[in-house]
């Protein structure tokens, strides 16, 4: 934007003493109009458009705060900088409460004034230029780095960089780098899938190895139990189903005023689907181990229905705490929030849990949004791409009973929240043909059954389920797990289902979005 078009109104009853400042701003390309009282300032705002107003707080006649109120009535969007001789905190509070954009303490110097002008009028443009420069400088570095033999920590760092650039571009839609970033992310997922395929079996069979990341079955041991041992207040264990790392970073910004937050990252087990990852998270076991030790808790539901396969999360968590010899001060509480009414009721009654030693809560809203988008034209219109999907998540959370619940917990003395997810989701854009018999599972990102066939470029074959610590299900049962952003489609009515599921958010496969996940400890500030 051309600064010569920026119009500034400066209101001060001693404006002649600021003549050097006016000349300085004019030389910098600003169009500065000056008046000496509040009444004239109001007239100017009624008759002309201004990009910024400098307003003296102490003036004869109509005072600065009164003038400010009248200006905001005319145009509430004009940025106003209060200029004052007073450093009284009460005055600052009153001015800030009146929606000023900034304030300066007299005597002011020209460089201060220019800095405020740039901050208010040019900050987005300047920050956008730095975002663009930063990304372009690092684009080739990332492309070269992913060809190397990276470890899981380095892949987490790469994914965080990509997400932070995405979030920056969300704020700077004028920067034409979105497609470049999308293509680089796809390239990264291609190499990440190869990395997981090479290393996954080692990770799950050698979890004490420093080369192995923390995985789903270790979350309670690594993050929840230490808080239970060290806490003097209630501990809440929130599992937000299908929460991606980028969605968490948006939500985290809203929670920072209420909590001290420590965050870390872990890797989901495969498949990145609720019956496997979340049961593993609550039990501290891999799926094959749950099937072996607690068969009645594993074979209890329709295996294509994710909800029916997660009926015993409370029991699995109780058994895990019992194995670790953790004795709670009172009974473990468990809640699954699957609709708004349950969420609102929980929010209203959360104070009753201030003496609960451990409260485990599963929240299904994000998973419902992800799956619901496939069937809803309205949701597709609201969230046509990933930036809009993040925005939808943030808007939902900002107005949700869940946010209200968190704020209520933040007022409890010594309260802590351990927050995580079971898996993320990826926007699926490429179909992959798959063959299987009628008994093959219906999932789009992974399947198990007999005689499964798919292109090895698009999927990881698991011929022996125990290699991946998955349930055997039968002698000839095998699994296939989709890589990158592929989704499985049968040859029958291929084009119909290829079109139907394209550009939907799915989970179960191998991608950074599904596997690299947040885990955070939130400690109340009271």
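No lab work stands behind these numbers, since they all come straight from the coordinates. Just so we're clear, the structure is a prediction, and the values are computed from it rather than from any experiment. Cβ atoms come from the backbone with ideal geometry, glycine included; neighbour counts cover every protein chain shown.
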Q: Please list 277-285, 232-240, 59-67 highest first by mean number of surrounding beta-carbon atoms within 10 Å per residue.
A: 277-285, 232-240, 59-67
Q. Which whole-angstrom value gives the distance between the alpha carbon centres of the range 38-58 and the range 214-264?
A. 48
Q.
Please report the antiparallel percentage of the DSSP beta bridges confined to the range 430-502, to the nearest 5.
A. 70
Q | Rounded to 5, percent antiparallel among DSSP beta bridges of the range 3-108 | A | 0
Q. By how many nm would the segment from residue 108 to residue 174 lengthen if fully extended, with 0.36 nm per residue of separation less the alpha-carbon distance?
A. 20.4 nm
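Among 510-518, 434-442, 180-188, what's the highest-first ranking by average C-beta atoms within 10 angstrom per residue? Please list the in-between numbers first.
On the way: 510-518: 26.8, 434-442: 14.4, 180-188: 16.7.
Ranked by mean Cβ neighbours within 10 Å, highest first: 510-518, 180-188, 434-442.
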Q. Full extension from residue 198 to residue 296: what is 0.36 nm times the residue separation minus their Cα-Cα distance, to one decimal in nm?
A. 31.9 nm
Q: Could you let me know the centre-to-centre spacing of the range 476-526 and the range 100-130, using Cα atoms, in angstrom?
A: 45
Q | Packing-based ranking, highest mean first, of 493-501, 480-488 given that Cβ atoms within 10 Å are counted | A | 480-488, 493-501
Q) So for the pair residue 438, residue 467, with labels modelled 7 Å out along Cα→Cβ, what separation do we get in nm? A) 3.0
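Over its Cα atoms, what ratio of radius of gyration to 2.2 N^0.38 Å does the range 134-245 give?
Numbers: Rg = 17.8 Å, N = 112, 2.2 N^0.38 = 13.2 Å.
Here the Cα radius of gyration is 1.35 times the empirical estimate.
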Q.
If I model a spin label at residue 382 and residue 93 as a point 7 Å from the Cα along the Cα→Cβ vector, what separation in nanometres do I get?
A. 3.8
Q) Relative to a virtual label point 7 Å from the Cα of residue 186 in the Cα→beta-carbon direction, which members of the range 432-468 show backbone nitrogen distances below 15 Å? A) 432, 458
Q: Assign one of three labels to the range 170-223, namely rounded, prolate or oblate, based on the Cα gyration tensor with a ≥ b ≥ c the square roots of its eigenvalues; rounded applies when a/c is under 1.5, prolate when it is not and a/b is larger than b/c, and oblate otherwise.
A: oblate
Q: Please figure out what share of the DSSP beta bridges in the chain is antiparallel and state it in percent, rounded to the nearest 5.
A: 40
Q: Take the chain, compute every pairwise Cα distance, and split them into 10 Å bins from 0; I just need the percent in each bin.
A: 3, 16, 22, 21, 16, 11, 7, 3, 0, 0
Q) For the residue pair residue 342 and residue 154, what label-to-label distance in nm results when each label sits 7 Å from Cα along the Cα-to-beta-carbon direction? A) 4.3
Q) Could you give the length gained on full extension between residue 263 and residue 13, defined as 0.36 nm per residue of separation minus the Cα-Cα distance, in nm? A) 84.8 nm
**Q.** the range 149-188-the range 382-434 distance, computed between alpha-carbon centres (Å)
**A.** 19
